[in-house]
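The values are calculated or read from the model by the stated rules, or taken from the named source; none is laboratory data. The structure presented is a predicted model; accordingly, all values stated were derived computationally and were not measured. Quick reminder, even Gly has a Cβ in these numbers, built from the backbone with ideal geometry, and neighbours come from all protein chains shown. Please note that ligands, DNA and RNA were not included when accessible areas were found on the heavy atoms of the full protein model with its side chains. Shrake-Rupley method; radii C 1.70, N 1.55, O 1.52, S 1.80 Å.
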Amino acid sequence: MANRVVGVYDSKKKLLENVEELKAKGIDASDISIVAKDEDTANFYGEQTGAQTMADTYDADQDEGFLRRSKRPFKQKVRLKQVTQGP
């Protein structure tokens, strides 16, 4: 069974140091994954470490959430056309 370790870093230096420590302990770079805030940062870490990288593309400002999405069909305005019947 594989072990999973998750770390959150507020500096590039600390992340790079910890990746190097893992590699020095025998962890293969291909077994290390890094999630970065954007594509450029992900590419930088990939080039520096040889680890697998991906960018976090989630935009909380664009996410209206499940509840709002489920209410949307009920909030649409519907125009009713008045039909009159002849005399």
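Enumerate the pairs (first residue in region 6-35 and of a type in the set (A, V, I, L, M, F, W, C); second residue anywhere and assigned to a loop (DSSP other than H, G, I, E, B) and surrounded by fewer than 15 Cβ atoms within 10 Å (Cβ to Cβ)) with beta-carbon separation below 8 Å, excluding pairs fewer than 6 apart on the same chain, so at least 6 apart or on different chains.
LEU15/GLY7; LEU15/TYR9; ALA29/GLY50; VAL35/ASP56
Of the conditions (1) open to solvent by less than 70 Å² (accessible area, probe 1.4 Å); (2) modelled with pLDDT of 90 or more; (3) not charged (D, E, K, R); (4) not in a loop (DSSP other than H, G, I, E, B), SER70 satisfies every one except a single condition; which number is it?
Result: SER70 passes all but (2).
Would you mention how many residues in region 20-47 are within 21 Å of the chain's Cα centre (by Cα) and outside any loop (DSSP other than H, G, I, E, B)? Spell out the reasoning first.
Residues of region 20-47 within 21 Å of the chain's Cα centre (by Cα): 30-47.
So of that shortlist, the ones also outside any loop (DSSP other than H, G, I, E, B) come out as 30-31, 33-36, 39-47.
Within region 20-47, residues that are within 21 Å of the chain's Cα centre (by Cα) and outside any loop (DSSP other than H, G, I, E, B) number 15.
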